[in-house]
1. Round to the nearest 0.05 the FRET efficiency obtained for Ala168 and Ile266 when R0 = 35 Å and r is the Cβ-Cβ distance.
2. Return one whole number: the accessible area per residue of the stretch 176-271 in Å², for a 1.4 Å probe.
3. What is the list of residues in the stretch 205-225 whose amide nitrogen lies under 20 Å from a point 7 angstrom out from the Cα of Arg348, following Cα to Cβ?
4. Compute the length gained on full extension between Val37 and Ile288: take 0.36 nm times their separation in residues and subtract their Cα-Cα distance, giving the result in nm to one decimal.
5. Please sort 232-239, 16-23 by packing, taking for each peptide the average over its residues of neighbouring beta carbons within 10 angstrom, highest first.
6. Report the label-to-label distance for Val228 and Asn356 in nanometres (one decimal), using points 7 Å from each Cα along the Cα→Cβ vector.
7. Tell me, what HN-Hα J-couplings in whole Hz come from the Karplus equation 6.51 cos²θ - 1.76 cosθ + 1.60 at θ = phi - 60° for each residue of the stretch 169-186, using x for Gly and Pro?
8. Given a Förster radius of 35 Å and the C-beta distance between Ala199 and Leu21 as r, what FRET efficiency does 1/(1 + (r/R0)^6) yield to the nearest 0.05?
Amino acid sequence: MKIHNPFRVALVATLGVGLGLLLIGSIQTLSTILLYVGTALFLSLGLEPVVSWLERRKLPRWAAVLITILAVLAAFAGIILMIVPIIVQQIGQLVAEIQKLAEDGVFDDPVGGIQDWLHAVFPTLNVDDVWAYVEDWYASLDIGAIGGEIGGGIIAVVGSIIAGFGGAFIILILTIYFTASTPNLKRAVYQLVPASKRARFIDLGEQITDSVGYYVIGQVSLGVINGVLSAILLTIIGAPFPAVLAVIAFFFSLIPLVGTLTGSTIIVLTCLIPGLGTPATAPIIAAIYYLIYMQIEAYIISPRIMGRAVAVPGAVVVIAALAGGSLLGLLGALVAIPVAASILIIYRQVVIPRQNER
């Protein structure tokens, strides 16, 4: 029986633990970069069906990639150009309202003006007691500390916005590169597999990438349908900011399972906000419309659009979305569904047949 040197065993174990900790630390350090790469791969797979469709129209790949990327950029630029003027307009309305209050003399006696306004808006409210409570609460605050926290928060928000734009630019560059070189990347990965198993691996790989691509295209199509129909309806019923609400409907439709419900709820609640000039019947009409639309989307539109993607059971969708959202936030929830579909392909076509052969 061979006796191992305890010192050597302890040294090897310590080195193994240290190597594991170093690997974990490296992954945490590179988590942002890995997130960028994963997002770009996900988007490039989503654009691949469009590029392939253009290639079948006798276009070279570089031209198909260029047309696809320009179309995506034009769509997002259009959304931004549609939202920004409305935001500027609303800021102008806010400034005009403040100027009106100043002309009315509210700011000459701020406390009295606010109290008079509260008396006028809430006649049944005991304004004096409420105001006394507000004054006691304000006196108990550490204004200096709060100001420092607000200043730090503003700096953090500005930094996050700048970092977000930088990350979006990096993802855009990586997406263009991955989309242009998808066949070469696939070929490089396939060559790592032994020749005896390569054909089967290529078949599974193509099924997985096609499933992810059709899933992304399907979700974007659902978002476009919901956004366009929402813009038409909200304009007809006189809802406030129909363009902004239509964009909200579009982006929330990208979230699987609960996105349409969440976006519809936000839109209906926005129509209920007083003071925006919304007709009294608009929230009711919007609520009825979205209840009908969600049924049509679930039973007619979604099955037709998602017919070429791998069907994922509802329970798996919920679990995958929750797990992905916990790990990577909203992006994780979006990516988790095609990942779950890929795992189902491997489970159905690899694991089950091997178990049946035993």
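The values are calculated or read from the model by the stated rules, or taken from the named source; none is laboratory data. Everything numeric in this text was worked out from a predicted model, so none of it was measured. Here the Cβ positions follow ideal geometry from the backbone for every residue, glycine too, while neighbour counts run over all protein chains shown. Each accessible area value is taken on the protein alone, full model and side chains, heavy atoms only, with ligands, DNA and RNA left out. Shrake-Rupley method; radii C 1.70, N 1.55, O 1.52, S 1.80 Å.
1. On the way: r = 23 Å, r/R0 = 0.67.
Using R0 = 35 Å, I get an efficiency of 0.90.
2. On the way: 4490 Å² over 96 residues.
Per-residue accessible area for the stretch 176-271 comes out at 47 Å².
3. 205-219
4. On the way: separation 251, 0.36 × 251 = 90.36 nm, distance 4.15 nm.
Stretched out fully, the Val37 to Ile288 stretch lengthens by 86.2 nm.
5. Details: 232-239: 17.6, 16-23: 10.0.
Ranking the peptides 232-239, 16-23 by packing returns 232-239, 16-23.
6. 4.2
7. Per residue, the Karplus-derived 3J(HN,Hα) values read 5, 4, 5, 4, 4, 5, 5, 4, 5, 5, 5, 5, 10, 4, x, 5, 5, 4 Hz.
8. Working: r = 40 Å, r/R0 = 1.15.
About 0.30, to the nearest 0.05.
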